[in-house]
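The values are calculated or read from the model by the stated rules, or taken from the named source; none is laboratory data. Bear in mind the structure is a predicted one, so any value in this text is a computation, not a measurement. Here the Cβ is made from the backbone with ideal geometry for all residues, glycine too, and neighbour counts use every protein chain on show. Note: areas computed on protein heavy atoms with side chains; ligands, DNA, RNA excluded. Shrake-Rupley method; radii C 1.70, N 1.55, O 1.52, S 1.80 Å.
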Amino acid sequence: MNDSKPEIIEYLTAMLGDNGVLDEPVDCARYRRDWAGHELGAPLAVVRPKNTEEVAWVVGFCHEHRIRMVSQGGHTGLVKGALPDSRYPEVVISLERMTHIRHIDPLNFSMAVDSGCILEEVKRVAKEYDCFFPLSLGAQGSCQIGGNIATNAGGVNVLRYGMMRELVLGMEVVLPNGDIWDSMRSLHKDNRGYNLRQLFLGSEGTLGIVTGAVLKLSPLPQQSQTALLAVPSVEAAVQLYAQARRACSDLLSAFELIPRQCLELAFEAAPQLSDPLDTAYPYYVLMELGASGPVDLPGMLERLLEAGMEDERVLDGVLASSVAQADQLWLIRESMVEGQLLRGEHLRTDVAVPISAIAACVEQASAAVTTHSPESLVIAYGHIGDGNLHINVLPPTQTPAEALPALFEQLESAIFSVVDGFDGSISAEHGIGRSKQAAYLDRLSATERRLLAGIKAVFDPDELMGAGRILPLPERSSSS
């Protein structure tokens, strides 16, 4: 075998079958593009293994022949990490055919799944067993568990249940040389030595390909209360959050900050939505309480709102009286993201600051953007309970397309500088990938960079898996 493309395709097809390998441009097109519309290089081939053994065989083959590879989930990433590179040929390893629910244990509150399982399907199956998998994302109808693990996904329920890092008990990973690391244990406590599992959570496919996971479940909430509350300012929303944490007995599962502009964007994307309140307000909070026992959630929420109105932290509000009404309120939160996409190319950020610094961060970041681009629209929203803000910028409509990259780079740098002032993070839940690599590296100390490069070298010394994501390629392999 001389490692030419036709021979590589022929060999892969012989092992995986015709449905397991794609190489025609029309068939590979969707594997070059993510949800946000980013598109990079054409893959050498797209392979679609059905199980862990086939993944291990493909990875072993690529390792033997020094072929670079990148794993892909549901194409919902936002930092260009799973897209094939345009500088050198890569095999895309798609997990989309690995969708088996391996086992569910409702007594242990655990569930073993293939990494290609769609998040929404995992949640549905858990519910059949009176259990709840709490990860909740706008893309849950298409994102995959493996991608959720690789990016350490967050979402709206983090403040009560934690990020993906807290929701994985066990894992199965194909390492860059094709070996399988099997740690599919369903133990809730295991304190033996170094925790290798945590290295793969958030590693964005650069240390190995997750092929299976044991997920931590929770009791299915038997009742919930959802409310959309109008508040006068971001500061009032933060103060109301602190009040809610103390008054709601740790039953608060979501607390989202939504500016008025986001409601307008949601209405553009989903015309069937109507304004929940008669009057427009500058900011809103979308909050949810949930319980699986005999708790007086309505009374708890009513007392919180009464106190909030007395303190003038709450100006108005609507309480969902049914599941359908609650779904409509959450549809606003989901549709406002689609509304931004409909406005065209825009700057997305995903930052984190201490909860107490949220209001100041929004104010300073908005001012920084306005200074550089007065006609841009700043929309700052996010998960107040974990300090995660999405400070996004819609550029002026007349901005030429060729001018957008430089403008976004300038505005992102200004926002990140503000975040630095609060000792924050430039990536709260989306990851680093390629898009944030330069900013990430600028903020690493020499010690951090040495340790991170050392970890990568232990797992993937040949730089074949997810090469150039998170960390840059070493000079010795940049032209190989």
*asked:* Only one of 438, 406 is at pLDDT 95 or above, of a type outside the set (D, E, K, R), under 18 Å from residue 38 (Cβ atoms) and more than 23 Å from the chain's Cα centre (by Cα). Can you tell me which?
replied: 406
*Residue by residue through the stretch 225-274, note down the ones that are out of contact with any helix residue (DSSP H, G or I) (no Cβ under 7 Å at 6 or more places or on another chain), open to solvent by 30 Å² or more (accessible area, probe 1.4 Å) and closer than 17 Å to residue 336 by Cα.*
260, 261, 264, 267, 271, 272, 274
_Flag if residue 445 is of a type outside the set (Lys, Arg), surrounded by fewer than 14 Cβ atoms within 10 Å (Cβ to Cβ) and out of contact with any Gly (no Cβ under 8 Å at 6 or more places or on another chain)_ = yes
*asked:* Anything in the stretch 391-446 that is farther than 18 Å from residue 361 by Cα and among the β-branched types (Val, Ile, Thr)? List them, or say none.
replied: 397, 399, 432
_Which of the numbered conditions does residue 146 fail, given that it passes all the others? Conditions: (1) of a type outside the set (S, T, N, Q); (2) within 30 Å of residue 389 (Cβ to Cβ); (3) surrounded by fewer than 23 Cβ atoms within 10 Å (Cβ to Cβ); (4) at pLDDT 95 or above._
(3)
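This table checks each residue for (1) more than 18 Å from residue 206 (Cα to Cα); (2) buried (at least 21 other Cβ atoms within 10 Å of the Cβ).
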site: 374; (1), (2): yes, no
site: 378; (1), (2): yes, yes
site: 383; (1), (2): yes, yes
site: 422; (1), (2): yes, no
site: 426; (1), (2): yes, no
site: 434; (1), (2): no, no
site: 462; (1), (2): no, no
site: 472; (1), (2): no, no
_Suppose we filter the stretch 333-356 for residues that are small (Gly, Ala, Ser) and buried (at least 19 other Cβ atoms within 10 Å of the Cβ); how many remain?_
3
*Scan the stretch 182-198 and give yes if some residue there is in contact with a helix residue (DSSP H, G or I) (Cβ under 7 Å, 6 or more places away or on another chain), of a type in the set (A, V, I, L, M) and touching a residue at least 40 places away in the same chain (Cβ under 8 Å), otherwise no.*
no
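Which count do you get for residues in the stretch 113-137 that are outside any loop (DSSP other than H, G, I, E, B) and open to solvent by 10 Å² or more (accessible area, probe 1.4 Å)?
The initial filter retains those residues of the stretch 113-137 that are outside any loop (DSSP other than H, G, I, E, B), namely 113-114, 118-128, 131-132, 136.
If we keep only those that are open to solvent by 10 Å² or more (accessible area, probe 1.4 Å) too, we end up with 114, 118, 120-121, 123-125, 127-128, 132, 136.
The total comes to 11.
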*Out of the stretch 138-162, which residues are hydroxyl-bearing (Ser, Thr, Tyr) and part of a helix (DSSP H, G or I)?*
161
*asked:* So for the stretch 296-316 (the condition being touching a Pro at 6+ places or on another chain (Cβ under 9 Å), of a type in the set (Lys, Arg) and open to solvent by 40 Å² or more (accessible area, probe 1.4 Å)), does at least one residue qualify?
replied: yes
